[in-house]
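What follows is a set of notes on a single structure, which appears directly below.
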Amino acid sequence: FQSTTRAHREDVITCSSGHRTTITHHHQKTKSIDELAALNNPLHPLHTLPPRGGDTDDDDNTIVPPSSPIKTDIVIGIDGGTESIRACCFDARTGRIIGKSHAVPYTTSHPAAGWAEQSPEEWYRNLCEAVKGAIGTLPSNSKEEKDNNNTNNNDYDDVDVEYDVKALCCDTTCCSVVALSSEYAPLRPCLLWMDARSAAQAAKIMDVAKTHAAKKSPSRSILDAFPELRVNSHGEGPISAEWLLPKAMWIKEREPSVWEDATVICEYQDYINYKLTGKMVASSCNAAVRWHHDGVDVLNKEEDSKDGEKDEDGGRPMKLYEALGMDDLADKLPKETLAMGEVVGGLTEQAAGHLGLPVGTKVVQGGPDAFVGMIGLGTIRPHQICLITGSSHLHCLLTPSATSAPGTWGAYRGAPLPHLNFAEGGQSSTGSLVRWVRDMISGDGEKVSYRVLDEEASGVAPGCDGLVALETWQGSRTPHTDPLARGAFVGLTLSHTRAHIFRAILESVCYGTRSCFDALEAAAATAAAEQQQSSGTDSAASSSKSNEVVIAGGATRSDLWLQLHADITGRTFLLNENTDGPLLGCAILASVGAGIYDSVDDAVENMVRRERRIEPRAEARKVYDRLYEEVYLKVRPGVKSVVHALAELRGGASSSVGEERAFWGGEHNKLGLQHGNGIRCRKWGKKCLGTIRGGSMDESLQQSDATPRNAPIIISPSLLASDWSDMKGEVQKCLDAGVPWLHIDVFDGVFLDSPNALTFGPQMVDSLSKRFANLHPELTLDVPLWS
């Protein structure tokens, strides 16, 4: 049986206001009954097709294609990441991807060490290109276009399709701060989230807060004076230089003319929404998690109004602003705040033209990429946990109330959604550590594949025959904030192989993850106890622990590592069908804003699907419970004093700057060592190097007049061991200690190929050199190249 039809294809992009953009295709093609029947597949992205793909002629049972175009409601999710901006079209009801995502990279500049900037104008240009690119991949009828798009979901050729774009939603990096003029034009490049120039301002916030609290009463806690600081490890700090407040302080202190001219201080999220809709509004999620705002009160300003006037500063930390001399920041922040999922406005005529979409298409409020990702992973109910893995681990726990505890960040009230609260934890080196070990094991030759290492490690028993590792290679975030923390192997013997070492590293990351979970749930238990006390029941306490974790990211590629996460933490790990949380999260919010679903809960129920469960193995869990309690938890405090001492020794000590200069400028300068534009040597060779390094030499060399016995040892601190968030300050510490010779490794990207990795390159070396050239001409940078 065959049906020959004339296919008239119209791809219509429209919105609820009735505007339509139509792309029409005409061609003739013969389809079998089976092909036409396939159009009824309920899992098909175009699930709104009429029954059986069209009408049926009762006389000859011939399937007649529908006479009018098939209408498919879609939403567009946009993910503004660190390296690029992506867009993707989704079925507005099922959340299934239609077409393909399209990414457009943008440029990040590093004008000085620890600085990172991007162009807001480029964000918007690339967003427009990404959206048009995603729309361009929507399934097409013609074979030529199908081949070009390389899509695999076009089993509905020769059907008229009408795509109705109901809404779009964008997430962005958080803490990417923008200063705008009265015309809403950028006054300077954005201070990207990873920009750490405001480290001094971040430290100042805690110092000022502690001082102000002590002035009131020596026994008064910092949280009594400034309760908003509870989200920073229950007031213990530190505050990250990433956050909006220290960045705003830096602009005011270091670029006063920019501050004076700035009508608006906002974020990437706010700027993009303004470009799309002409409305300047903040995301309540951004404000709650990184602005020290109350995520609920900022949405209820009318309720806090006095004398019938709207309180513009509701939910803002005004006492903290005043203590810091930043009360004028409140006047520069967006005046309006919307929750994620609320409609910001419709596309302006200009924006609609740039995106190729109808005027008035709804733009829905998004938020920080990672926390929009929580919604895309379906973690939206109290006690749910999500784990986002990559070079590092991010742990997020939904809590019943916004309590806080040392060793955690948050809980943030009104985030990610107004009726929710969540706390977060983090591990600095996880995926990056696994790669480092793989590269060390591989040596200079071809890299050993992770699959091979996984297979070898799978043959090793839990506990690695007495070998335990500490995963804090790059410091510790939570539950013990310690930038000086370092990694360790404990229990190494000559019988251990590379399989043992690799598995020990995998296990160590999972031990650290369990430690973070425990700290987060301890905070949740506090909240549950408070809720129990207020309600007079014990129902809250009974459900304070989550036995399931939704996981996404790089760790999901390893079956072994997934199983170890489950065995060591004692929890079931869930994988979703779509693990791209940020993009799917945007699609969910867009569907809610468009009215497809009444709530985010309803949208998640229909658009997020679990695909796989990894259960902990009972016998392995018993072994790991003992190792965690009896060994791992004792290793961390056991090595703390040792690694801190090593950090002091590695940094070196020296005489005062004056003594050092007198030494090099006086009688000891018999080797031709020049003190001016850095320490220089005109007689490099065995004789000179031996003297400088303090090594032993044969008698003839020792007796040389050119090599005095009391020549100094040059201590060359490595900047790789420094606090990368404040490179200027770290270099200054060395100079103040009289150590003018600094070791700085330059990587060409072979070892650190992550787009998020902070690596030293020629630009950073040049920046450090220029910054200190005039004030400290004695500075020498010892630069070996690793390639």
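The values are calculated or read from the model by the stated rules, or taken from the named source; none is laboratory data. All figures in this text were calculated on a predicted structure; none of them were measured in a lab. Neighbour counts are summed over all protein chains in view; Cβ atoms, including those assigned to glycine, are modelled from backbone coordinates with ideal geometry. For accessibility, only protein heavy atoms count, side chains too; no ligands or nucleic acids. Shrake-Rupley method; radii C 1.70, N 1.55, O 1.52, S 1.80 Å.
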(message) At R0 = 22 Å, how high is the FRET efficiency between Ser641 and Ser219 if r is their beta carbon distance? Nearest 0.05 is fine.
(response) 0.15
(message) Order Glu336, Glu122 by their accessible area, 1.4 angstrom probe, all chains in place, largest first.
(response) Glu336, Glu122
(request) Quick one: accessible surface of Leu187, probe radius 1.4 Å, all protein chains present, in square angstrom to the nearest 10. (result) 60
(request) Could you give log10 I(q)/I(0) at q = 0.13 Å⁻¹ for the stretch 376-450, computed by the Debye formula over C-alpha point scatterers of equal weight, without solvent? (result) -0.51
(request) Pop a pseudo-label 7 angstrom from the Cα along the beta-carbon direction at both Leu575 and Glu548 and give the gap in nm to one decimal. (result) 1.7
(message) 7 Å from Cα along Cα→Cβ at both Leu649 and Glu336: what's the point-to-point distance in nm?
(response) 6.2
(message) Need one number: nm distance between label points at Asn300 and Leu492, each 7 Å from Cα along Cα→Cβ, rounded to one decimal.
(response) 5.7
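Percent relative contact order of the stretch 364-449, based on C-alpha pairs within less than 8 angstrom and at least six residues apart? Present the calculation step by step, with values, prior to reporting the outcome.
Working: 134 pairs, mean separation 20.4, N = 86.
RCO, the stretch 364-449: 24 percent.
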(message) Report the per residue volume, in Å³, of the convex hull enclosing the C-alpha atoms of the stretch 431-525.
(response) 116
(request) Can you figure out the FRET efficiency of Val359 with Glu121, using R₀ = 25 Å and their beta-carbon distance, to the nearest 0.05? (result) 0.70
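Can you pick out the pairs among Lys215/Lys332; Lys275/Lys335; Lys216/Lys733 whose Cα atoms lie more than 25 Å from each other?
Working: Lys215/Lys332 29 Å; Lys275/Lys335 16 Å; Lys216/Lys733 33 Å.
Beyond 25 Å between Cα atoms: Lys215/Lys332; Lys216/Lys733.
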(request) Determine the per residue accessible area of the stretch 320-392 with all protein chains present and a 1.4 angstrom probe, expressed in square angstrom. (result) 29
(request) Would you pull out the residues with amide H under 5 Å of Ile85's amide H, same chain only if 5 or more places away, H placed 1.01 Å from N? (result) Val104, Tyr106
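Tell me the trypsin sites (Lys or Arg not before Pro) within the stretch 387-475 that lie in a loop according to DSSP and have at most 16 other beta-carbon atoms within 10 Å.
Lys447
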(message) Starting from 0.36 nm per residue, how many nanometres of slack lie between Glu183 and Met440 once their C-alpha separation is accounted for?
(response) 87.2 nm
(request) Enter the accessible area of Glu648 (Å², nearest 10), with the probe set to 1.4 Å and all protein chains included. (result) 140
(message) Given a Förster distance of 45 Å, report the FRET efficiency between Glu322 and Arg613 from their Cβ-Cβ distance, rounded to the nearest 0.05.
(response) 0.30
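So which GluC sites (Glu not before Pro) in the stretch 361-464 are both in a DSSP loop and have at most 12 other Cβ atoms within 10 Å of their Cβ?
Details: sites: Glu424, Glu446, Glu455, Glu456; in loops: Glu446.
Within the stretch 361-464, the qualifying GluC sites (Glu not before Pro) (loop, at most 12 other Cβ atoms within 10 Å) are Glu446.
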(request) Specify the inter-centroid distance of the stretch 581-643 and the stretch 226-262, based on alpha-carbon positions, in whole Å. (result) 30
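Would you work out the charge dipole size for the stretch 458-508 about its Cα centre, treating the Cβ of every Lys and Arg as +1 and the Cβ of every Asp and Glu as -1, and quote it to the nearest 20 debye?
Magnitude of the dipole: close to 100 debye.
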(request) Leaving ligands, DNA and RNA out of it, rank Leu492, Leu633 by accessible area with a 1.4 Å probe, largest first. (result) Leu492, Leu633
